[in-house]
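Please read the structure below before turning to the comments.
All of the numbers you see were taken from the coordinates with simple rules; none came from a lab. The shown structure was predicted, so the numbers you read here are calculated from the model rather than taken from an experiment. Glycine also receives a Cβ, built like all others from the backbone with ideal geometry; neighbour counts cover every protein chain displayed.
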Number of protein chains: 2
Amino acid sequence: MNETCLAAFRELMTMDDVLILVHRNPDGDCLGTAFALKRAFENLGRRVCVAATGTVDRNLRDITDGAEELKPKFLPSAIVTVDVATAQMLGPDLACYADSVDYNIDHHYTNTEYARNNIVFGSASSAGEVLFDLFSACGVEIDDVIAEKLYAAIAFDTGCFRYSNTTAHTHWVTSELMKYSFDAPRVVRKMFDVVPLRQLKMERAALDALHVYRDGTVVLLPISRKMLEENGALDEDVSGMVSLIRRIEGCVVCATLKETKEGDVKVSLRSADDIFDVSAVAAVFGGGGHVKASGCLIKSTMEEAEARLLQAIETRFLKEKEIH
Amino acid sequence: MNETCLAAFRELMTMDDVLILVHRNPDGDCLGTAFALKRAFENLGRRVCVAATGTVDRNLRDITDGAEELKPKFLPSAIVTVDVATAQMLGPDLACYADSVDYNIDHHYTNTEYARNNIVFGSASSAGEVLFDLFSACGVEIDDVIAEKLYAAIAFDTGCFRYSNTTAHTHWVTSELMKYSFDAPRVVRKMFDVVPLRQLKMERAALDALHVYRDGTVVLLPISRKMLEENGALDEDVSGMVSLIRRIEGCVVCATLKETKEGDVKVSLRSADDIFDVSAVAAVFGGGGHVKASGCLIKSTMEEAEARLLQAIETRFLKEKEIH
């Protein structure tokens, strides 16, 4: 950690009336990090609050001590963002603060450094990992509550230590956090394991609708508005569906094709291993992403979208064969 | 680690013609640990092999370098067990070695210490964690292959760092392992994420058959032989089903009731939190287990078993209300 960043963070920790902002539709990392920082200020006797655009998902409300909405509560003396890569990501409710951010604490290497002080470490797994390193380097005391929030942040952004952003340092930080007293399995269970019954019902319907091609190496799942409605499912309930079908034995490429409210088809693509580049398929339709996870929008009917997508996947299979 | 154990392990590492035995129906922990130890002997130029009763599950064959069957290959000079709590757990194919085990490396505090040298650490998450500590304490060199196998062992037995056996030391050990070069997300994906399509189809059928009681706080899933047959599912495909339904939002107690080949009903009970003791319910039917996970066998038809189980759960709810 460089001295400029540490000096900025030390300055932040002297502030009072601190407003902590997170990104729109807040996730476990930004909330865990924000509430850990909030607790640190409270332990110093300061006035502090956390604000966000959008509501807090039910599975993350242990982190926010039950709060569903996070609104600014006072006129701040210092404004800090955590896990916010660009000022636009603050969302409409917090847009008024976009030009006045004093401290920007983040782990996205794409961070646009929009604040007066930018404390960005692009190699960290999560904002939670960054804040732990800052606390350690600057001697901010960690208690059981802070440890639990930071653990939640790191566990969330690493998919419970499964994703490739998990490093030796991530595990070392977690080892330090677990020396404090909190119920780590419960934190993980609350964040990841609880799903609404309607989502499970939706998963059932999805399994009925699977289209399997090329001896099971390609699995496509068309999700129509009708299917959503019949199962009382929300758009958010199907966001994880592509991970569900990616688990199928033998599957190399999979995709969900979701009919949007506007009648287009939103495609989420995943590959099971590094041997197939789904970003190349997404690019055919003007989309993009990573080798293993990409997305695109196809402006057509579901049937046509599926046929065109399958064609693009076939073409890519031939190309991959050339490469490997 | 006490000096007697370390001396025994140092002695083991001087041996040649080493036979490593694991428990029957081997899991990721015993296999990862055994193949890490095998590699350490190979690096020293020794003859070594791993043997097991039963076949290696498909999802664990990266650990065994593809091997499905593990048979003794020579007359050994030294016999070592890893992750084997009792000599009986060696199973029929290895029963002939039960009285001749020289070194017993394990993490089960229930280990019966059946060997000439017993190297048992009951507080470790996994046999993999024990072997790492032994390697470190005795200066056995770790390479990328050993690191990957030990990582697999630890990740398997901790449910990818989610279970309550995961300690600060577990994360510290993992941090050390991740300094070596291997693809950790791939290891986890191979072990946990790949499921046969027939299992997903079985999950779909299960969701159709859910019985929800007490405003969704009790969820029971009867699984008949017919349901298994119709979906081409194996008995092993339903073993994780109780975890699936435990995820349902609002669920406090859940159970699968599986019709056995003999026509009885095998019950697996789970509670979502510590507020309901399912072992008390299992005990009503002569079963047992832990507060959050128990099982029992009810000798009756499925319908009667479900009615009796529901009654026992109701009774326990009244009791829990008295306690809390």
Which of the residues spanning the range A:221-236 are away from chain B (no Cβ under 12 Å) and not basic (K, R)? A:P222, A:I223, A:S224, A:M227, A:L228, A:E229, A:E230, A:G232, A:A233, A:L234, A:D235, A:E236
When you go through B:T256, B:T260 one by one, which is the residue that is surrounded by fewer than 17 Cβ atoms within 10 Å (Cβ to Cβ) and in contact with a strand residue (DSSP E or B) (Cβ under 6 Å, 6 or more places away or on another chain)? B:T260
Count, please, the residues in the range A:241-273 that happen to be within 14 Å of chain B (Cβ to nearest Cβ) and free of Cβ contacts under 8 Å to residues at least 40 places away in the same chain. 16
Going through the range B:179-195 in order, the residues found to be at the interface with chain A (Cβ under 7 Å from one of its Cβ atoms) and exposed (fewer than 15 other Cβ atoms within 10 Å of the Cβ) are B:K179
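The rows are residues; the columns are (1) over 19 Å from the mean Cα position of the chain (by Cα); (2) of a type in the set (A, V, I, L, M).
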site	(1), (2)
A:G232	yes, no
A:V238	no, yes
A:E249	yes, no
A:L257	yes, yes
A:E262	yes, no
Could you grab me the full set of residues in the range A:16-59 that are on the phi > 0 side of the Ramachandran plot and out of contact with any Ser or Thr (no Cβ under 8 Å at 6 or more places or on another chain)? A:G45, A:G54
Top-ranked residue of the range B:196-220 - restricted to ones that are in a strand (DSSP E or B) and more than 26 Å from the chain's Cα centre (by Cα), ranked as nearest to the other protein chains (Cβ to nearest Cβ): B:V212
Of everything in the range B:141-151 that's buried (at least 23 other Cβ atoms within 10 Å of the Cβ) and of a type in the set (A, V, I, L, M, F, W, C), which residue is nearest to the other protein chains (Cβ to nearest Cβ)? B:L150
How about the range B:152-169: which of its residues are facing chain A (nearest Cβ under 8 Å) and in a helix (DSSP H, G or I)? B:A168, B:H169
I'd like to know if the range A:87-96 contains one or more residues that are touching an Asp or Glu at 6+ places or on another chain (Cβ under 8 Å), without any contact (Cβ under 8 Å) to a residue 60 or more places away in the chain and within 19 Å of A:T33 (Cβ to Cβ). yes
Among the residues of the range A:111-136, the number that are under 20 Å from A:Y163 (Cα atoms) and not in a helix (DSSP H, G or I) is 6
Of all residues in the range B:61-85, how many are under 21 Å from B:F9 (Cβ atoms) and polar (S, T, N, Q)? 2
Condition first: surrounded by fewer than 17 Cβ atoms within 10 Å (Cβ to Cβ), among the aromatic types (F, W, Y) and touching a Gly at 6+ places or on another chain (Cβ under 6 Å). Can you find one or more residues in the range A:74-87 that meet it? no
Could you identify the single residue in A:S181, A:S175 that is more than 19 Å from the chain's Cα centre (by Cα), polar (S, T, N, Q) and in a loop (DSSP other than H, G, I, E, B)? A:S181
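Here is a yes/no grid of residues against (1) closer than 30 Å to A:V195 by Cβ; (2) in contact with a strand residue (DSSP E or B) (Cβ under 6 Å, 6 or more places away or on another chain); (3) not polar (S, T, N, Q):
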residue	(1), (2), (3)
A:C5	no, yes, yes
A:M13	no, no, yes
A:F35	yes, no, yes
A:L44	no, no, yes
A:V56	yes, no, yes
A:R61	yes, no, yes
A:G66	yes, no, yes
A:S77	no, no, no
Qualifying residues in the range B:1-56 (those that are assigned to a helix (DSSP H, G or I) and among the basic types (K, R)) - the one farthest from B:D93 (Cα to Cα): B:R10
Take the residues in the range B:58-108 that are within 14 Å of chain A (Cβ to nearest Cβ) and part of a loop (DSSP other than H, G, I, E, B); name whichever of them is nearest to B:R189 (Cα to Cα). B:D62
Here, helices (runs of 4 or more DSSP H) confined to the range A:221-324 with at least 3 residues that are within 19 Å of B:V194 (Cβ to Cβ) are A:241-246
Tally, over the range A:274-295, of residues that are among the β-branched types (V, I, T) and more than 14 Å from chain B (Cβ to nearest Cβ): 3
Looking at B:F35, B:F9 in this structure, which one is within 19 Å of the chain's Cα centre (by Cα) and under 18 Å from B:G128 (Cβ atoms)? B:F35
Please determine, by comparing only the residues of the range A:99-136 that are hydrophobic (A, V, I, L, M, F, W, C) and more than 21 Å from the chain's Cα centre (by Cα), which one is surrounded by the fewest Cβ atoms within 10 Å (Cβ to Cβ). A:F135
